[in-house]
Amino acid sequence: MSLTRDRAEALPDAIAGHPILRLAPEPLKPFVQLARLDRPIGWWLLLLPCWQSSALAASALGIAPDFKQLALFFVGAVAMRGAGSTYNDLVDREIDAKVDRTRNRPLASGRVSVGAATVFLVAQCLVGLAVLASFNGLTIALALASPLIVLLYPFAKRFTSWPQAILGCAFAYGGLLGWTALAGGFDAPAPLLYLSAIFWTIGYDTIYAIQDIQDDARVGVRSTARLFGAHVQSAVRALYALSIVFAQAAMLAAHFGAFAQAGVLAFAAHLFWQTRGLDETASPATALKLFRANRDAGLLLFAGFFAQSLLGAC
């Protein structure tokens, strides 16, 4: 087994034996890891606010979901998640080399040069721009503002204990874009769903940050997991509660429906299930498992809005 393959399999937050990483030619494996293609939870969490917002807009308008737009959001989420991860690894390569969980990442371990990673970053951004060009002018204008948040995020952990809030503003952006892409305007449910997704993101990324809480303290990296400490369970519950409140408000603003309400309730139940027994001493494996479970939480909310839109279109 080659050194490259050993290191590819050593990344602890990757899905073991993921087919994309297993089948990729050896020279491409570091780029698969840079784009986090072997860790699909990232693009799922970027995609789901887009899908939720689009389905909620369809429900409010009484029309069927736009499957073409949902597919475009999928492509865009994969591309821009990869671009954001590549940029993050470029900025954090020296810190990553000092943290057990990240020391074998392609840039931190020297398997990819800064120049090659930069070219790869630009290529992924071009894919994202091609997808964005398919949407209306308002959606394009809103989306072009989001890179300012993304550019700030990797530096946030150096000066604030709330880098998860910066990430939330970036990852939740689909809560605005899904609505404007379908509705062509900016209505009350969109910012409410955006706020819901922000608090959701801060909550689940706090759980994710528990994996690195000891290494972060050693190298001086800040996070909400470190900030909350022994109160992390109560803090995540409060963040999730705010997410649920704003999701409910968005649903009501878009007009009440039984399926949409069921989606919010299922989302709420899943979030509070995650916090049972959660504390700052949770093992990295437990923290990663709970973090990944948020794909299912987001899909439950989307399913409720999606079913409501199908009912309204009949």
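Values quoted throughout were computed directly from the atomic coordinates according to the rules given, and no laboratory measurement underlies them. The structure displayed is predicted, hence computed values, not measured ones. We place every Cβ from the backbone using ideal geometry, glycine too, and count neighbours over all the protein chains shown.
Kindly state, to the nearest 0.05, the FRET efficiency for Val245 paired with Ser134, given R0 = 45 Å and r defined as their beta-carbon distance.
Working: r = 33 Å, r/R0 = 0.74.
After rounding, the FRET efficiency stands at 0.85.
With the highest mean first, a sort of the peptides 287-300, 39-52, 125-138 on other beta-carbon atoms found within 10 angstrom per residue produces 39-52, 287-300, 125-138.
Ranking Thr286, Thr281, Thr86, Thr180 by Cβ neighbours within 10 Å, fewest first, what do you get? Write out the running numbers ahead of the final one.
On the way: Thr286 16, Thr281 10, Thr86 27, Thr180 24.
Neighbour counts put them in this order, fewest first: Thr281, Thr286, Thr180, Thr86.
Springs join every pair of Cα atoms under 10 Å in this Gaussian network model of the chain, and among Ala258, Ala117, Ala97 the largest mean-square fluctuation is at Ala258.
Values [x] 1.32; [y] 0.97; [z] 1.08 are given for comparison; Rg/Rh (Cα atoms, Kirkwood Rh), derived from the coordinates here, is the one labelled [y]. Helices of the chain meeting both criteria, an alpha-carbon length of 15 angstrom or more along the long axis and an average Kyte-Doolittle score not below 1.6, with helices taken as full DSSP H segments, are 114-132.
Between Ala217 and Ser113, the modelled labels are 4.1 nm apart [label points 7 Å from Cα along Cα→Cβ]. Cβ crowding within 10 Å, taken as a proxy for footprinting-reagent exposure, orders Phe267, Phe74, Phe305 from fewest neighbours to most as Phe74, Phe267, Phe305. Could you tell me the distance between the Cα centroids of segment 164-201 and segment 134-152, to the nearest Å? The two parts, judged by their Cα centres, are 12 Å apart. Per residue, the chain reaches -23000 deg cm²/dmol at 222 nm when only DSSP H runs of four or more residues are counted, each adding -39500 (n - 2.57). Here Arg101 and Lys68 are evaluated by their C-beta separation; at R0 = 25 Å the FRET efficiency comes out at 0.05.
Quick check for me: using +1 on Lys/Arg Cβ and -1 on Asp/Glu Cβ, what's the dipole size of segment 3-313 about its Cα centre, in debye to the nearest 20? It would help to have the intermediate numbers written out before the result.
Numbers: 24 positive and 19 negative charges, 76 e Å.
With only Lys, Arg, Asp and Glu charged at Cβ, the dipole is about 360 debye.
For the chain, set up a GNM with springs between Cα atoms under 10 Å and report which of Arg22, Arg222, Arg36 has the largest fluctuation. Largest GNM mean-square fluctuation: Arg22.
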